[in-house]
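Engineer: One structure coming up, written as structure tokens, with questions to follow.
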Amino acid sequence: MPKPSRILHITERSLWEAARERGAYEVSTRGRTLQQVGFIHFSTREQLPRVAAFLYGAYDGPDDLVVLVVDPALLDAPLRYEAVEPDGEEFPHLYGPLAVTAVVDVEPWR
């Protein structure tokens with residue numbers, strides 16, 4: 001299966017804005033950091049609606065949600081496609097901070 005030309009990460013706008021100031025994004029998933037988990041969770045365009053529903057289904061936070069669109073060719077940390085369950089669907093995982101320069105677009109989430 002060919003790897004997508006872009007990978008996606010849904011997050012809160014304030015977390016992304018803070019990362020832009022620091023130059024790197026280090027949130028793995030909602031409420032968990034890269035340091036806690038060991039990698040940053042990403043998804044493909046097709047996986048994103050399910051991931052968003054799972055993480056933010058009844059989101060009532062003070063912040064808008066945004067989707068970071070990342071070009072894997074611009075990453076400076078290892079990217080691996082891994083299944084959460086044995087023989088399950090593979091998701092992209094970034095094993096290091098996400099350089100803000102690898103983010104080629106930021107889309108509003110519905």
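The values are calculated or read from the model by the stated rules, or taken from the named source; none is laboratory data. This structure is a prediction, so every number in the text was calculated from the model and none was measured. Glycine also receives a Cβ, built like all others from the backbone with ideal geometry; neighbour counts cover every protein chain displayed.
Engineer: So, in segment 62-95, exactly how many residues are within 12 Å of the chain's Cα centre (by Cα) and outside any strand (DSSP E or B)?
Structural biologist: Summing the residues that are within 12 Å of the chain's Cα centre (by Cα) and outside any strand (DSSP E or B) in segment 62-95 gives 3.
Engineer: Sticking with this one: Identify the residue in segment 35-55 that is over 11 Å from the mean Cα position of the chain (by Cα) and surrounded by 15 or more Cβ atoms within 10 Å (Cβ to Cβ) and, among all such residues, is nearest to GLU89 (Cα to Cα).
Structural biologist: Here the residue is GLN47.
Engineer: Still on this structure, please answer the following. If you scan segment 25-60, which residues turn out to be of a type outside the set (Lys, Arg) and part of a strand (DSSP E or B)?
Structural biologist: Within segment 25-60, TYR25, VAL27, SER28, THR29, THR33, ILE40, HIS41, SER43 meet the criteria.
Engineer: While we're looking at this one, here's another question. For segment 75-82, indicate whether the set of residues that are more than 14 Å from ILE7 (Cα to Cα), exposed (fewer than 13 other Cβ atoms within 10 Å of the Cβ) and in contact with a Gly (Cβ under 8 Å, 6 or more places away or on another chain) is non-empty.
Structural biologist: Yes, some residue in segment 75-82 is more than 14 Å from ILE7 (Cα to Cα), exposed (fewer than 13 other Cβ atoms within 10 Å of the Cβ) and in contact with a Gly (Cβ under 8 Å, 6 or more places away or on another chain).
Engineer: List every residue pair whose Cβ atoms sit under 7 Å apart, with the two residues 6 or more apart in sequence or on different chains, where the first one lies in segment 1-24 and is assigned to a helix (DSSP H, G or I) and the second, anywhere, is surrounded by 15 or more Cβ atoms within 10 Å (Cβ to Cβ) and hydroxyl-bearing (Ser, Thr, Tyr).
Structural biologist: TRP16/TYR25; ALA19/TYR25
Engineer: Related question: Let me confirm something: among LEU34, LEU8, LEU65, which residue is at pLDDT 95 or above and in contact with a helix residue (DSSP H, G or I) (Cβ under 8 Å, 6 or more places away or on another chain)?
Structural biologist: LEU8
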